[in-house]
Each structure stands twice: as structure tokens, then as C-alpha cells.
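Read through the structure below, which is laid out as C-alpha cells, and then see the notes.
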Amino acid sequence: DNAPGVLAAMDDYGVLYRRFGTRKNGAVAANAADLRTQINNWLTSIKSDRLHLVAHSKGGLDAQMIQALDPPFKILSLSTFSTPLLGSAVADV
């Protein structure tokens with residue numbers, strides 16, 4: 001949940017950002033719908049319609065699904081960290 005080095009660097013560069021969260025073990029489609037709403041509300045409040053997404057772990061899967069939900073905003077890029085893009089052996093257990 002913490003990324004102090006990344007957040008400090010973004011602060012130093014004056015990057016406008018917001019951290020979003022959703023259910024850790026929720027279904028990807030449900031989490032994506034929740035995140036889509038959260039992101040859209042934030043972008044509307046700052047009068048923007050585009051963003052770069054950075055996601056960690058399962059959040060990367062959730063973030064990918066947002067695009068499939070035809071969001072009313074443009075995702076300019078998606079960066080994921082420790083996302084199980086090829087699946088997880090533990091999930092099969």
C-alpha cells in the first residue's frame with residue numbers, strides 16, 4: 001500500500017495524482033467498474049478526461065479491464081508492477 005519513493009518523486013515533479021482502491025479479492029469486472037466510477041468522478045472534478053494509470057498486483061488486472069468497460073475518459077498509458085499477467089500458480093491451489 002505504500003510507495004514512498006514513487007510518491008515522493010511524483011510530488012517533486014509536481015505530478016497531479018490520486019490513489020484509488022477497491023476490494024482486494026473482488027472480481028476483476030466488479031473492481032474495474034468501481035475504479036472506472038472513482039476515476040471518472042475524480043477526472044470530472046479536476047476538469048480532465050485523460051490519465052496515465054499505474055497499478056500494483058491484482059490492481060493491474062482490474063485496471064486493464066477498465067478499458068473494456070468503454071470509459072468516458074482516455075487512458076494514455078498503463079504501467080503495472082508485480083501484476084500476475086500470466087496467471088498465478090497459487091490461484092490454482
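Scanning region 50-78 for residues that are under 9 Å from the mean Cα position of the chain (by Cα) and within 16 Å of residue 3 (Cα to Cα), we see that the one that is most open to solvent (accessible area, probe 1.4 Å) is 56. Residue 57 satisfies every condition listed in (1) at positive phi; (2) at pLDDT 95 or above; (3) among the hydroxyl-bearing types (Ser, Thr, Tyr) except (2).
For residue 62, the conditions (1) in contact (Cβ under 8 Å) with a residue 40 or more places away in the chain; (2) in a loop (DSSP other than H, G, I, E, B) are fulfilled apart from (2). Here is the figure for region 44-59: residues that are part of a helix (DSSP H, G or I) and touching a residue at least 24 places away in the same chain (Cβ under 8 Å) total 2. Would you please name the residue that is farthest from the chain's Cα centre (by Cα), looking only at residues in region 5-25 that are under 15 Å from residue 56 (Cβ atoms) and open to solvent by less than 100 Å² (accessible area, probe 1.4 Å)? Per the stated criteria, the residue is 5. Within region 26-43, the residues that satisfy the criterion of being under 19 Å from residue 81 (Cβ atoms) and either open to solvent by less than 40 Å² (accessible area, probe 1.4 Å) or not in a helix (DSSP H, G or I) (or both) are 31, 32, 35, 39. Once region 65-93 is narrowed to residues that are of a type in the set (Gly, Ala, Ser) and in a strand (DSSP E or B), the residue that is modelled with the lowest pLDDT is 79.
Just a yes or no: is a residue in region 56-66 closer than 19 Å to residue 15 by Cα and touching a helix residue (DSSP H, G or I) at 6+ places or on another chain (Cβ under 9 Å)?
No - not one qualifying residue is present in region 56-66.
The values are calculated or read from the model by the stated rules, or taken from the named source; none is laboratory data. It should be emphasised that the depicted structure is a prediction, and the values quoted were computed from it without experimental measurement. Quick reminder, even Gly has a Cβ in these numbers, built from the backbone with ideal geometry, and neighbours come from all protein chains shown. When the accessible area is computed, the model is the full protein with side chains, heavy atoms only, and any ligands, DNA or RNA have been set aside. Shrake-Rupley method; radii C 1.70, N 1.55, O 1.52, S 1.80 Å.
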